[in-house]
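The block underneath contains the structure these notes are about, expressed in structure tokens.
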Amino acid sequence: MRLNRLPTAFAFFVLAATAPLQAAENAGNGQRLAATCAGCHGTAGITRGDVLPPLAGQSKAALIASMKAFQSGQRPASIMHQIAKGYSDEQIEAMAGYFASQRTNAK
């Protein structure tokens, strides 16, 4: 009976040990994924000019909500609804975390 618990206990410890690594990887993924937004929203989400809203400094929740609204078609857009559909929930969360951590006054 005790031997049956060994695989479960081992899996728990492996997952617990890799959680910090996954968090660091997600942060890096957010930055890499966010680079695809630079063409329209500026490097690190810092928009130059008045054409598009800056992504840098917005709350993570607001950024996630915007992407979800683009995905569902609730928020009108010329192209963002198509772009947003290409991202998973995890990718959107990673990008939103990255942009929320950026300073809007960077030059």
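Scan the stretch 37-66 for residues that are free of Cβ contacts under 8 Å to residues at least 24 places away in the same chain, crowded, with 16+ Cβ neighbours inside 10 Å and either among the aromatic types (Phe, Trp, Tyr) or in contact with a helix residue (DSSP H, G or I) (Cβ under 6 Å, 6 or more places away or on another chain) (or both) and jot them down. Matches in the stretch 37-66: 47 only. For the stretch 67-92, the tally of residues that are among the hydrophobic types (A, V, I, L, M, F, W, C), open to solvent by 60 Å² or more (accessible area, probe 1.4 Å) and touching a helix residue (DSSP H, G or I) at 6+ places or on another chain (Cβ under 6 Å) stands at 0.
The values are calculated or read from the model by the stated rules, or taken from the named source; none is laboratory data. Computed from a predicted structure; not experimentally measured. Note that each Cβ is placed from the backbone with ideal geometry, even for glycine, and that neighbours are counted across all protein chains shown. Side chains included, ligands, DNA and RNA excluded: accessible areas come from the protein's heavy atoms. Shrake-Rupley method; radii C 1.70, N 1.55, O 1.52, S 1.80 Å.
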